[in-house]
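The values are calculated or read from the model by the stated rules, or taken from the named source; none is laboratory data. Bear in mind that the values here come from a model prediction, so they are computed numbers and not experimental data. Neighbour counts run over all protein chains shown; Cβ positions are idealised from the backbone, glycine included. SASA here: full protein model, heavy atoms, side chains in, ligands and nucleic acids out. Shrake-Rupley method; radii C 1.70, N 1.55, O 1.52, S 1.80 Å.
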Amino acid sequence: MTLHIGQSARRENARRHLAGRGRFVSDLTLPRMLHAVFVRSPMARGRILEIDTSEASACPGVVRIFTAPELNVRCTPWVGTLGHFAGMQSPPMNILAEEEVLWTGHPVAMILARSRAEAEDAAELVMLDIEDAEPVTDGAAALRPGAPLANPAARDNLCYEAVLETADVDAAFVGAAHVVETSMTFGRHTAVTLEPRAVIADFDASSGALTVHHGTQTPYQFQDVYARHFGLSEGKVRVIAPDVGGSFGMKLHVYNEEMGAVAASLILGRPVRYVADRLESFLSDIHARDHIVKGRMALDADGTILAMEVDDLTQVGAVSAYPRTSAAEGNQVIRLMGAPYRMPDYRGRLSVAFQNKVQTSQYRAVGHPIACAVTEALVERAAEATELDPFEIRARNLIADDAYPHVSATGYQFEKLSHQACLAKLHEMMDPEALRAEHASLRKQGIHRGFGIASFVEITNPGAAFYGVGGARISAQDGAVVRMMPSGDIHCAISVTEQGQGTETIIAQVVADQLGVTPERVSVTTGDTATTPSGGATWACRGAGIGGETALRAGRRLRDRILTLAGALVQADPASLRLENGAVVDGSGAARITLEEIGRIATYRPDTLPDGIDHSLTVAHHFAPTGYPFDFTNGIQGSLVEVDVETGLVRILKHWIVEDCGRIINPLLVDEQIRGGVVQGLGPAFFEECQYDADGQLTNGSLADYLVPMACEMPDIEIAHIETPTGDTILGAKGVGEAGTAAAGAAAMNAVNDALRPFGARLTQTPMTPLRILDALDAAREERTDP
Amino acid sequence: MKHLLSTTVNGEQVQEAVSPRTSLADFLREDMGLTGTHLGCEMGACGACLVLMDGAPVHACLVLAVQAEGCTVETIEGLTETGAAADLQARFHDRNALQCGYCTNGMLMSAQALLAANPDPSRDEIRDALSGNYCRCTGYEAIVDAIAATASDRAGRSETKTEAAQ
Amino acid sequence: MQLEELRTEGGKVKLPSFEYLRARSMEEAWALHSEAGGDALYLSGGHSVVPSMALRLQAPSRLIDISQIAELRGVSVAEGALRIGAMTRHAEVLADPLIAHHAPLLSQAAPHVAHPAIRNRGTIGGNLALADPASEFPAAVLALRAEIEANGPDGRRLIAADDFFLDLYETALAPGELLTAIHVPLPPESRLFGFDEIARRRGDYAMVGVAAQADVAGGVIAGASVTLFSVGFTPVRARAAEQALDGAPLSPESIARAQAALAQDLDPPDDPGFPPERRLQLARVLLGRVLSRMEPVK
Amino acid sequence: MKLDGEQFLNADPQTVWTALFDRDVLAGAIPGCESLDQLSATEFAAVVKLKIGPVSARFKGDVELSDIVPGQSCTLSGKGSGGIAGFAKGAAQVTLTPEAGGTRLCYDADVAVGGKLASLGNRLIGATAQKLTDAFFANLSDALTPPEEARSA
């Protein structure tokens, strides 16, 4: 029979959304529910002198106003450090600012009212007296001796530092025929999920149970966080993540506001809803990136990469995010540098600096776009220095497809990747020779086009090596409960969660194949700690690789259980039986008994079964990756752009990607993960930037001013696949959620710089705005006229 | 002070007391229970809250409920019940032109209006019609494909049958 | 009608409280406005008033809905001019054949105004009365040398567009006065028009925009009218650029002179995100492009 | 944000200097000033209401004159809280130079806005700050210009 793994099954749960029947946290209304609004610091740094809530308390509809002394006592502080990041510091954080405000938007008071509008009315009447202080906005300045502290509770402004190096890196540079250098700046951007963060905390004092409806990727993590920080037993805490309107890593961090909603519900014994508005999202959701990287690369005369050296400064806000920390991205940046290449030597330095801005932390493709952009910009410069074609220099340096396993200079263990096959495939898709010819003729008409490519490696399927070893209570395993219903239909409750990427669909496909049914007969439940087993859930590309394998193994255990039962019922050796088309078949393929019949007997007539036989048709299975500490996928992207050199505007004409995510469970969903990922890479490459002024004020806190990628500006994206399954699992899937984001910006920057090459101009900062492009063109012009 | 609002929502005559400051979006979501209309930016920039007002897509976050007096309002729930957009919804489903589903309502409204005005849009025209609809998940291409395929279907140029037609 | 508070407002769009009143006539509108002592706003499409209130950037105590007033509606030609009622929505401006024929700059500007759904609701009168310096229609009416029809308790008056946009968000409308229509003089068939803007994304506020019209008589330009937007506190008539064009053939040379003359016309305010000299540079580029693509109405 | 400019005033430097410290003149010159209470020779408590297009906010704060070199220069600074809307603050170094028939007033200002106004109003902050600064010095000029001359000007 046809396997469902590998088929482009459509998503059953998409039908609800298409009919307007999505169920998001922000759609939910509970009896006696109160609405929370936070009063926030208007300044980036200062000392609270007074918060006068008297006038606000008298507003119609207001039930309660909390400031730190009444609210923070309900919650133990959280500290965003990890044990394996030696020497890392981050001061404890609690719900409301106590004495110091640390970023613009730092919550200082919480208002609970019958309606959101009434709470906002009251918020306008809260009188804040904050003595402002000089904020720390520049990470480099923050690390100089004697710099003022961004966070007075910290030792200094250095959150964390690390060095990673091989023995011979200096010698490699000394002996190199070519050394190319770059200095690059990666702007802050943020997730801008269309549904903002939303939570309803509902504490029932009569039962002592806390139920939190929470738009998150990681309900089990929050079950643990809420239990520990509010002193509740884990069994009394239920976290339900219904439909989630986008997450991308942003909704798995602990935020002041969600903790505040829980604390307020515990105190008031009523449901408390907090839904961020768009400005609050910009002010309080984690931001991403904000790195300044200096890098250089040593090559021999024929263009072989000998070594890289990079220095990454990342600026993370006034505290490190909890529980994953704000240092993990920088850590990943310095480890992913040069990853696709056969590069023997390397030195990477990381400095993580505090500053008075909202925290940065994990967002889709953590660290990848930076490591990729720096590496690929250096490879591009190396190609210029050695007069090699961009494809040729990569062909010479990519790790050969037959050279695995391979350990990178930064210590990553690659099981099996396919860089060369991807490069060849991309060459075929792009036809660079034809593009070159076309571009040369267009230049004569004043049209300046360019293309760029970028190879990448993506980290997926993390085991405990990511966070668990550092002491964080973030599950490295996932769990599934698979059961056959009396009708013979199958149900799977699993810990990986759905935010629209198709988790439930692929789990149904995987389980269906183990049990010989169609995916339509498999229903899947996710996102509720009370009805699904505990696990890591969805982050760092583990849904398909780890979740899928968990479902597969659980399904196989149920299959064995069913076959044992069937053997007894049809008087056959279970080993001679298998499941197909909803029935148990024998070696000849003849159906012996249907699943429906087995379900009927096991449920309603267990008395007719042989004594002592196990007729429970539910199995639970938990799986954690062993072997490699994480998997790696790989691929390559290409970008084609046209630069208007008079206005600095760029049209993105086309994007290509060849990707190897291992076993493809559902090609339709994989391709759409890639497309969405690419656009999340192109957004910050050209448009997205959280702009701050020198006083630490965010100056573009709306969707009119923060430019997200929209339909007219984004290109069609052509996708091809190489399929190299991992041998670590039976399923062989590696994950695909971050591949698109990893290299899109790097390819685009190389493309812009290709278009600008005849002008001698080069972009080294994202986003590549018209102003920066015009500045680069002017700088090149000045350099030419004034050598 | 509340106002008595008389309007038609998804074909039903509705009379409700509303506060002037209640947006049409909140009236639909909170008072009518029509939560398929989503809110993403509260300023007309994201398109998640589009509804058809007298047949044309408008931002329900920028219209006060009291301004809907005497109007007909159709939401995603209404379009679903009448089947007016069934082929479009089926093409979105086929093409996986949605992920988290939060923008989908607005995308369908824009697409429905575009196809009514221009039955044979180019890909650029489709993208232009979606210029005010933000989607963080898909990268837009699948949405453009789904709308183009619906236009094809409606013009009888269908190569592949949609599920709705089956 | 007064009704008791039956239910609290639980919504996500969280405007401050205000009183909503619907005016059936101009007289009623003026009276309701005057009654509020300067703390009232007229509501037509509501697409600038409502978002600013939703963001709690302003909190008028009263909104007066003027959308039902008959005088504000309709597009017609009479007495040598095209009259566009203030309540004409952007989408109607885009589609109206009379506007396309007689005031093509408005038709050309309309697709650049935000996004389709906004255009279904926003009105040209509301847009002009707001006088956003980055907005398309104010520049277009200025280039068209249109007149703004205003009606107040003291009567009806026509204000030349040149005299209408006074300062940042300031117009010549008196408090309470209603902007009722736009009058555009009917152009000769041969008149050339050009409109374009430079924006980061489709529908964004322009980084700079140009609206221009000119007649060509005997091979030379006469009566050039060149307006730029998103370059200052108001839409700006580029009079030096106009002078550089008038009396010369429309040629690369005259266009270059007009581009050079822009430095006299523009003094963009300092914007931390985009320095004034860059804005001037973009204005020159765009002016060149618009002038070289000027076309008569087809 | 830095702003600078100059204004020719139709009065001698001493008259201008006196006016700068005059509550009534300041109250008339500060755009949108609803009240200005003198706290000392150099300090005032102010309530200012600003309405710029779709944004309006009422600021409560103070105005202060410092770095005083009598008759020549001083720093005119102010800061105000607009509640949930945010805050605004600014300082202008003002220098007076005698010129034929009057005084040249030069200013060099640094203006900052915080909170919601900074996050949502950025597109217009530059223009607004310049407009308000221009208005202040224009009002000051009007106050120093005798009514007759103002009419004939």
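Can you tell me which residues in segment A:43-62 are more than 14 Å from chain D (Cβ to nearest Cβ) and surrounded by fewer than 19 Cβ atoms within 10 Å (Cβ to Cβ)? Step through it out loud before you land on a result.
Taking segment A:43-62 first, the residues more than 14 Å from chain D (Cβ to nearest Cβ) are A:47, A:54, A:57-58, A:60-62.
Passing the criteria: A:Arg47, A:Ser54, A:Ser57, A:Ala58, A:Pro60.
Quick check on this structure: which one of B:Asp120, B:Asp153, B:Asp124 is modelled with pLDDT of 95 or more, more than 12 Å from chain C (Cβ to nearest Cβ), over 17 Å from the mean Cα position of the chain (by Cα) and in a helix (DSSP H, G or I)? Before the answer, list the steps.
On the way: B:Asp120 fails: in a helix (DSSP H, G or I); B:Asp124 fails: more than 12 Å from chain C (Cβ to nearest Cβ).
Within the list B:Asp120, B:Asp153, B:Asp124, the selection yields B:Asp153.
Among the residues of segment D:63-70, is there at least one that is closer than 22 Å to D:Thr145 by Cα and open to solvent by 40 Å² or more (accessible area, probe 1.4 Å)?
yes
Tell me which residues, restricted to segment B:84-101, are facing chain A (nearest Cβ under 9 Å) and acidic (Asp, Glu).
Correct list: B:Asp94 only.
Exactly one condition in (1) open to solvent by 10 Å² or more (accessible area, probe 1.4 Å); (2) part of a helix (DSSP H, G or I) is not met by A:Ile474; state its number.
Going through the list (1) open to solvent by 10 Å² or more (accessible area, probe 1.4 Å); (2) part of a helix (DSSP H, G or I), A:Ile474 breaks only (2).
Looking for whichever is part of a strand (DSSP E or B), assigned by TED's automatic domain parsing to the domain that holds A:Thr729 and open to solvent by 20 Å² or more (accessible area, probe 1.4 Å) here; the options are A:Arg436, A:Arg443, A:Arg449. Which one fits? Please lay out each step first, then the result.
Working: A:Arg436 fails: part of a strand (DSSP E or B); A:Arg443 fails: part of a strand (DSSP E or B).
None of the others qualify; the one that does is A:Arg449.
Could you list all residues from segment C:108-131 that are outside any loop (DSSP other than H, G, I, E, B), among the small types (Gly, Ala, Ser) and either within 11 Å of chain B (Cβ to nearest Cβ) or open to solvent by less than 20 Å² (accessible area, probe 1.4 Å) (or both)?
If we filter segment C:108-131 for residues that are outside any loop (DSSP other than H, G, I, E, B), which is where we start, we get C:108-112, C:116-119, C:123-130.
Filter once more, so that each one left must be among the small types (Gly, Ala, Ser): C:109-110, C:117, C:125-126, C:129.
Across segment C:108-131, the qualifying residues are C:Ala109, C:Ala110, C:Ala117, C:Gly125.
Test C:Pro97 against the criterion of being open to solvent by 30 Å² or more (accessible area, probe 1.4 Å), within 14 Å of chain B (Cβ to nearest Cβ) and at pLDDT 95 or above, and give yes or no.
On the way: open to solvent by 30 Å² or more (accessible area, probe 1.4 Å): yes; within 14 Å of chain B (Cβ to nearest Cβ): no; at pLDDT 95 or above: yes.
Spelling it out, it is not the case that C:Pro97 is open to solvent by 30 Å² or more (accessible area, probe 1.4 Å), within 14 Å of chain B (Cβ to nearest Cβ) and at pLDDT 95 or above.
Is it the case, given these coordinates, that B:Leu50 is among the hydrophobic types (A, V, I, L, M, F, W, C), in contact with a helix residue (DSSP H, G or I) (Cβ under 6 Å, 6 or more places away or on another chain), open to solvent by 10 Å² or more (accessible area, probe 1.4 Å) and within 14 Å of chain A (Cβ to nearest Cβ)?
Working: among the hydrophobic types (A, V, I, L, M, F, W, C): yes; in contact with a helix residue (DSSP H, G or I) (Cβ under 6 Å, 6 or more places away or on another chain): yes; open to solvent by 10 Å² or more (accessible area, probe 1.4 Å): no; within 14 Å of chain A (Cβ to nearest Cβ): yes.
Criteria not met by B:Leu50.
Here are the criteria: (1) assigned to a loop (DSSP other than H, G, I, E, B); (2) out of contact with any Pro (no Cβ under 7 Å at 6 or more places or on another chain). Tell me which single one A:Gly696 does not satisfy.
Among (1) assigned to a loop (DSSP other than H, G, I, E, B); (2) out of contact with any Pro (no Cβ under 7 Å at 6 or more places or on another chain), A:Gly696 violates only (2).
Under 7 Å between Cβ atoms, at least 6 apart or on separate chains: pull out the pairs that start in segment A:748-768 with a residue that is among the basic types (Lys, Arg) and end on any residue that is part of a helix (DSSP H, G or I) and open to solvent by 10 Å² or more (accessible area, probe 1.4 Å).
Correct list of pairs: A:Arg762/A:Asn753; A:Arg762/A:Ala776.
I'm trying to understand the selection: among the residues of segment A:571-610, which are farther than 21 Å from A:Thr518 by Cα, touching an Asp or Glu at 6+ places or on another chain (Cβ under 8 Å) and either β-branched (Val, Ile, Thr) or open to solvent by less than 50 Å² (accessible area, probe 1.4 Å) (or both)?
A:Ala572, A:Pro574
Give segment C:280-298 a look and list any residue that's within 10 Å of another protein chain (Cβ to nearest Cβ) and either touching a residue at least 60 places away in the same chain (Cβ under 8 Å) or open to solvent by less than 30 Å² (accessible area, probe 1.4 Å) (or both), or say none.
So the first thing to find is which residues in segment C:280-298 are within 10 Å of another protein chain (Cβ to nearest Cβ), and the list is C:281-282, C:284-286, C:288-289.
Selection gives C:Leu282, C:Val285, C:Leu286, C:Gly288, C:Arg289.
What are the residues in segment D:89-126 that are within 11 Å of chain A (Cβ to nearest Cβ), at pLDDT 90 or above and open to solvent by 60 Å² or more (accessible area, probe 1.4 Å), if any?
Passing the criteria: D:Lys89, D:Asp110.
Yes/no matrix, rows are residues, columns are (1) more than 22 Å from C:Ile148 (Cβ to Cβ); (2) open to solvent by less than 30 Å² (accessible area, probe 1.4 Å):
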| residue | (1), (2) |
| --- | --- |
| C:Leu186 | no, no |
| C:Ser190 | yes, no |
| C:Phe193 | no, yes |
| C:Val216 | yes, no |
| C:Ile221 | yes, yes |
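Can you tell me which residue is surrounded by the fewest Cβ atoms within 10 Å (Cβ to Cβ) among those in segment C:132-170 that are in a strand (DSSP E or B) and in contact with a helix residue (DSSP H, G or I) (Cβ under 8 Å, 6 or more places away or on another chain)? Can you show your working first?
The first filter runs over segment C:132-170 and keeps only residues in a strand (DSSP E or B), leaving C:147-152, C:155-160, C:165-167, C:170.
Now narrow it down to the ones that are in contact with a helix residue (DSSP H, G or I) (Cβ under 8 Å, 6 or more places away or on another chain): C:147-148, C:151-152, C:165, C:167.
Values: C:Glu147: 22, C:Ile148: 26, C:Asn151: 21, C:Gly152: 18, C:Phe165: 26, C:Asp167: 16.
Looking at residues that are in a strand (DSSP E or B) and in contact with a helix residue (DSSP H, G or I) (Cβ under 8 Å, 6 or more places away or on another chain), I get C:Asp167.
Residues A:Ser523, A:Ser576, A:Ser588: which one is closer than 20 Å to A:Asp489 by Cβ and without any contact (Cβ under 8 Å) to a residue 40 or more places away in the chain?
Working: A:Ser576 fails: closer than 20 Å to A:Asp489 by Cβ; A:Ser588 fails: closer than 20 Å to A:Asp489 by Cβ.
Residue meeting the stated conditions: A:Ser523.
Table: residues versus (1) in contact with a Pro (Cβ under 9 Å, 6 or more places away or on another chain); (2) of a type outside the set (Lys, Arg).
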position	(1), (2)
A:Met430	no, yes
A:Ala440	no, yes
A:Lys444	no, no
A:Gly450	no, yes
A:Pro462	yes, yes
A:Gly470	no, yes
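Select from segment B:56-79 the residues that are part of a strand (DSSP E or B) and within 14 Å of chain A (Cβ to nearest Cβ) and write down the one among them that is surrounded by the fewest Cβ atoms within 10 Å (Cβ to Cβ). Reasoning before the result, please.
Going residue by residue through segment B:56-79, those that are part of a strand (DSSP E or B) are B:56-59, B:64, B:72-74.
With within 14 Å of chain A (Cβ to nearest Cβ) added as a condition, the list becomes B:59, B:64, B:73-74.
Numbers: B:His59: 34, B:Leu64: 29, B:Val73: 26, B:Glu74: 23.
Going through the qualifying residues, I end up with B:Glu74.
List the pairs whose first member sits in segment C:11-36 and is within 7 Å of another protein chain (Cβ to nearest Cβ), whose second member is assigned to a helix (DSSP H, G or I) and of a type in the set (Val, Ile, Thr), and whose Cβ atoms are under 6 Å apart, counting only residues at least 6 apart or on separate chains?
Once the first residue is within 7 Å of another protein chain (Cβ to nearest Cβ) and sits in segment C:11-36, its partners that are assigned to a helix (DSSP H, G or I) and of a type in the set (Val, Ile, Thr) give C:Tyr20/B:Val66.
Sort out which residues of segment B:1-24 are out of contact with any Gly (no Cβ under 7 Å at 6 or more places or on another chain) and within 7 Å of chain C (Cβ to nearest Cβ), and write them in order of number.
Selection gives B:Met1, B:Lys2, B:His3, B:Leu4, B:Ala17, B:Ser19, B:Pro20, B:Arg21.
Only one of these conditions is not met by A:Val352: (1) part of a loop (DSSP other than H, G, I, E, B); (2) within 30 Å of A:Ala153 (Cβ to Cβ); (3) open to solvent by less than 10 Å² (accessible area, probe 1.4 Å). Which number is it?
(1)
Would you confirm whether any residue within segment A:262-279 is among the aliphatic types (A, V, I, L, M), open to solvent by 20 Å² or more (accessible area, probe 1.4 Å) and closer than 24 Å to A:Gly139 by Cα?
No, because not a single residue in segment A:262-279 is among the aliphatic types (A, V, I, L, M), open to solvent by 20 Å² or more (accessible area, probe 1.4 Å) and closer than 24 Å to A:Gly139 by Cα.
Just to verify a result, which residue in segment C:56-87, among those that are under 21 Å from the mean Cα position of the chain (by Cα), within 14 Å of another protein chain (Cβ to nearest Cβ) and in a loop (DSSP other than H, G, I, E, B), is surrounded by the fewest Cβ atoms within 10 Å (Cβ to Cβ)?
Ranking the qualifying residues of segment C:56-87, first place goes to C:Ser67.
Evaluate the following for A:Ala167: is it crowded, with 16+ Cβ neighbours inside 10 Å and aliphatic (A, V, I, L, M)?
no
Return yes when D:Glu6 is more than 14 Å from chain C (Cβ to nearest Cβ) and surrounded by fewer than 17 Cβ atoms within 10 Å (Cβ to Cβ) and no when it is not. Let's see the steps before the verdict.
On the way: more than 14 Å from chain C (Cβ to nearest Cβ): yes; surrounded by fewer than 17 Cβ atoms within 10 Å (Cβ to Cβ): yes.
The answer is yes for D:Glu6.
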